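Note sheet for the following structure.
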Amino acid sequence: MSGFLFAFVAVLLTSLGSKDQLLIARYSEHFGRDARLLLIGGVIAFVTAAVMAWGGHYVASILPSKGKTMLVAMALLLASVELFWPNREKALKEPTRSLGAVGLVLVYRQFGDASRFLIFAFAAGSALPFFAGAGGALAGALSILIGWLMAAELVEKLPLRTIRIVLGVMTLISAIYLGLSARGLL
């Protein structure tokens, strides 16, 4: 059950200011709060979390113990790189009204974001990967809801860049610690 809680908190925090959340926020600002957009975003968050949890569990199941630890460290390292990466998205000028197109962009963005790497890491390091996937899925859907509700206020009211850098540093420290312990240096 701790995998659920850790994944939930980590994914919710690292989703702040993520590209998928900002896309939902900007789309909601431009076209209004469409419930179909919220539904599509929530479903996609659940699907991508399930795929990453399954992937983390599957890859970890074929590795020895130290290999699993190194896999988790690598996933954390990728998450930290994504958190450090500046999000230089501009406001939507002529966005499409197609929810299918927005859904495809969400899938693309979520499979490369820090939150999904963390779901992968928690599932790989957990004996019960279902709980890590469920916690990550719920937090991912909640992140979409926050973007949908806050719209333009998300960027205006929160210091998103600072939050993402602090989380990136914390994730990087965790990755280094796990990597060194997997190599027997700690």
(request) Select from Gly136, Gly56, Gly112 the residue whose mean-square fluctuation is largest in a Gaussian network model of the chain (Cα-Cα springs shorter than 10 Å). (result) Gly112
(request) Compare the peptides 142-152, 12-22 by average per-residue count of other Cβ atoms within 10 angstrom and give them in order, highest first. (result) 12-22, 142-152
(request) Quick one: dipole size for the chain, taken about the Cα centre, charges +1 on Lys/Arg Cβ and -1 on Asp/Glu Cβ, in debye to the nearest 20. (result) 240
(request) Could you list the trypsin sites (Lys or Arg not before Pro) in segment 54-140 that lie in coil according to DSSP, counting only those with at most 16 other Cβ atoms within 10 Å of their Cβ? (result) Arg88, Lys90, Lys93, Arg97
(request) For the chain, with a Gaussian network of springs between Cα atoms less than 10 Å apart, report the residue from Glu29, Glu153, Glu82 with the top mean-square fluctuation. (result) Glu153
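Only the coordinates and a few stated rules stand behind these numbers; no lab work does. Nothing here was measured: the structure is a model prediction, and the numbers come from that model. Counting neighbours? That spans all protein chains shown, and the Cβs are built from the backbone with ideal geometry, glycine included.
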